[in-house]
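The numbers here are math on the coordinates, done by the rules we state, and not lab data. This one's a predicted model, so the numbers in the text were calculated from it and none came from an experiment.
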Amino acid sequence: MWCQALTAILVLTVNWANAHSWVEQLSNIGPNGSYVCSFGYPRAFVDKSADGSFDQEANEWLLPPARDPPFINKTDLLCHPSQRTLNQASNFPRLQTKPSSMIAIRYAENGHVTVPGGGIDLVGKPEKGGTVFVFGTKQPRPEETLQNVLHWTHDGKGGDRRGRLLTAQNFDDDRCYQLRNDRTTLSEARRLQTPNPKPGQPGSDHELFCETDVRLPDDVTVGQPYTLYWVWQWPTAPQQEPGPLHGQDEYYTSCIDVDIVTDLCLGLNGVLLKDQDPMTTAVPNFKSRTALTADPLALSSQTGFGQPAETSN
């Protein structure tokens, strides 16, 4: 029994170490699907460095924390410590956008889409890389908790009613891919279907970010920031050996503010990432994205998932 428990702990640790994604960049989407105007970035964003010294924990926020698996609790804070208040890194401003605009929230797939099973040596991971939920609020709080936000609903009447669920979409946008030395069948097929060459370098390759496409509410206030919570739900199913018997929660979040303005520029400009994804258009179905799991609370009703109830002897 002790050996089985130790094995489960080791598997949990390896799985957490292999998984990571966060929001890299935001863009407005024009009526024809093109990215338009200046790019925007999450709170306190740190770009990947050219010298390889980048620390992914500067942006990555995992819940429950790796030291506290396997399930979230009511005290787990939603945002990374650097993202709990409205603040931007000096070189990475907020996205400027309009009420009712469509925006793309972009992130690297990191193998969770194109590597079979969602990653090397992973078990029990959901299809399509799990679900991304985007919530919006005019009343963000530094002490925001994940459990509270997961209760927000499309009509704004869920939970404490401070925000609403704006969209639920598969993590996999059916276009994105990672460039790997051990190219997978899916990543190679997507690379050939949607080439993403570096500007001025015909025949070159660049990884292609995934995106979550969100329409902002029409009642956001011009002249005020609006807060978005990007929540990637990527659980492990129960009864998946050698995984945990009762499954495990796994969430990654990015906390974002956008400035609401009256008019947008027409061109594509602004601060770029050091390794900027050259793609300039959204996925073709950006207006009609869906998810296999549309309810943020669906996990709570999944058979066998969750902390087992204690029984008295």
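By the rule of a C-alpha distance below 14 Å, with chain neighbours fewer than 8 residues away ignored, the aspartates and glutamates paired with residue 125 are 172, 241, 249, 250.
GNM on the chain, alpha-carbon springs under 10 angstrom: the most fluctuating residue among 192, 292, 166 is 192. Compared with the dominant Cα axis of the chain, that is its longest principal axis, helix 2-18 is turned about 0°.
Bridgeable lysines around residue 198 (alpha carbons under 20 Å apart, same-chain partners fewer than 8 residues away excluded): 48, 274.
The Cα atoms of the stretch 85-180 give a gyration tensor whose axes a ≥ b ≥ c have a/c of 1.5 or more with a/b greater than b/c, which makes the shape prolate.
One compactness figure for the chain is 1.00, namely its Cα radius of gyration divided by 2.2 N^0.38 Å.
Taking a cut-off of 20 Å between Cα atoms, list the lysines near residue 98, but don't count ones fewer than 8 places away on the same chain. Output for residue 98: 138, 287.
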